[in-house]
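The values are calculated or read from the model by the stated rules, or taken from the named source; none is laboratory data. This structure is a prediction, so every number in the text was calculated from the model and none was measured. Cβ placement follows ideal geometry from the backbone for every residue including glycine, while neighbour counts extend to all protein chains displayed. Side chains are part of the model used for accessible areas, which takes the heavy atoms of the whole protein and leaves out ligands, DNA and RNA. Shrake-Rupley method; radii C 1.70, N 1.55, O 1.52, S 1.80 Å.
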Number of protein chains: 2
Amino acid sequence: MSHHVSCNDCSLSPICLPLAVAPAQLDQLDRIIHRGRPLKRGDHLFRAADGFDSVYAVRSGALKTYVVSDDGEEQVTGFYLPGEVLGMDGISTAHHVSNAKALETATVCEIPFSQLETLSQQIPSLQHHFFRLMSNEIRADRELHMLLGKKSAEDRVASLLLSLSARNQRRGLSDNIFRLPMSRYDIANYLGMAVETVSRIFTRFQQQNWLRVTGREIEILDRARLCGQNHDPALELTQ
Amino acid sequence: MSHHVSCNDCSLSPICLPLAVAPAQLDQLDRIIHRGRPLKRGDHLFRAADGFDSVYAVRSGALKTYVVSDDGEEQVTGFYLPGEVLGMDGISTAHHVSNAKALETATVCEIPFSQLETLSQQIPSLQHHFFRLMSNEIRADRELHMLLGKKSAEDRVASLLLSLSARNQRRGLSDNIFRLPMSRYDIANYLGMAVETVSRIFTRFQQQNWLRVTGREIEILDRARLCGQNHDPALELTQ
DNA sequence: CGGACATTTGATGAGAATCAAAGCTGGTGG
DNA sequence: CCACCAGCTTTGATTCTCATCAAATGTCCG
């Protein structure tokens, strides 16, 4: 029980699980949470086929999840930043179905799921919040489905950048200047494209002055264009 | 309260929500469920931006869900067959985020969500089952992510056929001969490809004797090949 | 029977993957 | 503290899968 920071002291509590729990009951939640030692870049938090016991909230750093197909291909399925919860895809199978790997030094809070279920029986708002969390994950997946099914490579990259931007803002950080925790490979894989294409798109965005890119440092210069993208036929004529 | 069939009498109960509820408590679940009048092909069960009140279990027929992007493009996000639950993506937003439309005459059971939450407080196995249902949806989305991100058009079509086959089997129907409830357009849209490509792939599968296709009637002739797909380089040489 | 829509087939083209190779970076150890 | 190396990133050339365009055919339903 080394790194004992209670939810009370955690700066993420307004956007993390405590959000759903009245101050009077926060201790109950706090008691079931384990704070692990930091993960180093490349360390696995869990692997597919590990028994499923817990979900995890990111406290610092960043992780990715990925699945591996029968023929050995990896598919990055998500990026997780501080305040976000991962591991929920294992609930239905008693074992994890994806792998979770630290993209950089990271700390997580472990939340044993059966205890969380018990606690949810006593705290309706916690049950509700957890349903919402999972629902949110499903909703995001629907949007991703649209992105992968219907959108161009440029749209996909823009969309990921805007998502990261919004999530930074949610944590009270700058939404215009931030650092990508993941490699171009991870971005490409997540978005279903080749690394080279991601790289070229960063270059193109930069030439158009929509973005300033220095390695993994990103500055968004023209959010409107990045949102709208170039699909508006009227727009194209005026350029 | 017209079409009153209780869960007790429903042939789907072994694969639907009642699966999670002890016989003694089934009445409680039964009482909160509304059985609506049948939907005709093309009718909407709900639309994005409708208030979210309920989730729905399919009793007969089939539905699709879809989202519409800012620029008006539709993306089919799922197909729902008897015994399956839809609408869970609306939990987190208080309104639905997708649209649900009947692909053919269909009946559904409406399950008011707040009552389901209350009941879940009393029946732990129901809470657990619902977590599992949502987790399952997330897991399926991860697999779809892989499909859209990494797999060829042929793989995608094969994979959808196998999924429908498995879901038919789960309902006690034939897993080799079944009818597609959706159009080629819906298949193409769901899988992120053009109608013409879907059509060509059906033709190709048929020429290889992996499949017999008559309109929407499907017969799977060579399941192994359909699963394995054509990634085996040795195989390609011999053809 | 007719018409709208669904499906199939063919020809062409575009976007992005792949192949190839040259910088760049950051972490490690001397 | 700096040099080195593996892995990351960029850029260019070529290829290929699949989208798009066009049009014929089929099918279901009123």
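The table below gives the values:
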read-out	value
Scope the stretch A:52-67; condition part of a strand (DSSP E or B) and closer than 21 Å to A:ILE91 by Cα; matching residues	A:SER54, A:VAL55, A:TYR56, A:ALA57, A:VAL58, A:LEU63, A:LYS64, A:THR65, A:TYR66, A:VAL67
Residue in the stretch A:198-217 that is at the interface with chain B (Cβ under 10 Å from one of its Cβ atoms), within 9 Å of DNA strand D (Cβ to nearest atom) and in a helix (DSSP H, G or I) present	no
Enumeration of residues in the stretch A:149-175 that are assigned to a loop (DSSP other than H, G, I, E, B) and open to solvent by less than 50 Å² (accessible area, probe 1.4 Å)	A:LYS151, A:SER152, A:ASP175
Filter result (part of a loop (DSSP other than H, G, I, E, B) and either surrounded by fewer than 19 Cβ atoms within 10 Å (Cβ to Cβ) or facing chain B (nearest Cβ under 7 Å) (or both)) within the stretch A:81-94	A:ILE91, A:SER92, A:THR93, A:ALA94
Candidate set: the stretch B:125-148, residues that are under 24 Å from A:GLU74 (Cα atoms) and more than 8 Å from chain A (Cβ to nearest Cβ); chosen: the one most open to solvent (accessible area, probe 1.4 Å)	B:ALA140
Where a residue in the stretch B:136-161 is touching a residue at least 60 places away in the same chain (Cβ under 8 Å) and its partner, wherever it lies, is near DNA strand D (Cβ under 10 Å from one of its atoms) and of a type in the set (A, V, I, L, M, F, W, C), with Cβ under 8 Å and at least six apart	B:GLU154/B:ILE201
Residue in the stretch A:176-193 that is surrounded by fewer than 15 Cβ atoms within 10 Å (Cβ to Cβ), in contact with a Ser or Thr (Cβ under 9 Å, 6 or more places away or on another chain) and more than 14 Å from chain B (Cβ to nearest Cβ) present	yes
Residue count, the stretch B:68-80 (criterion: assigned to a strand (DSSP E or B) and surrounded by fewer than 20 Cβ atoms within 10 Å (Cβ to Cβ))	2
